[in-house]
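Q: Take this structure first; my questions come after.
The values are calculated or read from the model by the stated rules, or taken from the named source; none is laboratory data. Since the model is a prediction, treat every value here as computed from it, not as a measurement. Here Cβ is always computed from backbone atoms with ideal geometry, including for glycine, and neighbour counts include all displayed protein chains.
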């Protein structure tokens, strides 16, 4: 059985969401998002930097959420979550799958650090403003791509697992403006999916 090493309010939520969408059996090792769990010797043996998610599958142990998504779809179950390589939607699928970590999550990380993780005395308002501006710019192509679509490539796919989760977090941080009507509707649709609700509230 698959074992997901998980902490709330982290990228591990994507993998829990994926497993729920695919209705795959799994065991959840829930840890606190705190150094006492994540930086423990036990967890560092799974991930050298003490991060989540980590997925165990028999003798295989793999980390990085995008890599885990691709691994699960290839070795366990696809269920229409990834278009075939010759499908017209495949290039866009790949683009949005990787756009998440390439463009959206770096400024999200900075915003979280500057508004949540650092004590007030150590926060940098300039760094925060720059990250908010960059995130806004990064979300504009997503807003445009969603015009006339319910999901990024039309039908729901693993690209929505990756980038949709990031957009939900960006919205939670107050960085999806009311002018981004497509993104607002997209985030609302994601939030209504039972598998997402279970993952985000785990």
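Q: Against the conditions (1) crowded, with 21+ Cβ neighbours inside 10 Å; (2) in a helix (DSSP H, G or I), where does residue 176 fall short? Just the number, please.
A: If we test residue 176 against (1) crowded, with 21+ Cβ neighbours inside 10 Å; (2) in a helix (DSSP H, G or I), just (2) comes out false.
Q: Moving to a separate point now. What pairs can you find where one residue is in the range 96-125 and assigned by TED's automatic domain parsing to the domain that holds residue 136, the other is surrounded by 13 or more Cβ atoms within 10 Å (Cβ to Cβ) and assigned to a loop (DSSP other than H, G, I, E, B), and their Cβ atoms are less than 6 Å apart, with a gap of 6+ or different chains?
A: Final answer for the pair search is 96/152; 111/173; 114/123.
Q: Every residue in the range 186-202 that is within 16 Å of residue 147 (Cβ to Cβ) and in contact (Cβ under 8 Å) with a residue 24 or more places away in the chain, please.
A: Those that are within 16 Å of residue 147 (Cβ to Cβ) and in contact (Cβ under 8 Å) with a residue 24 or more places away in the chain: 186, 189.
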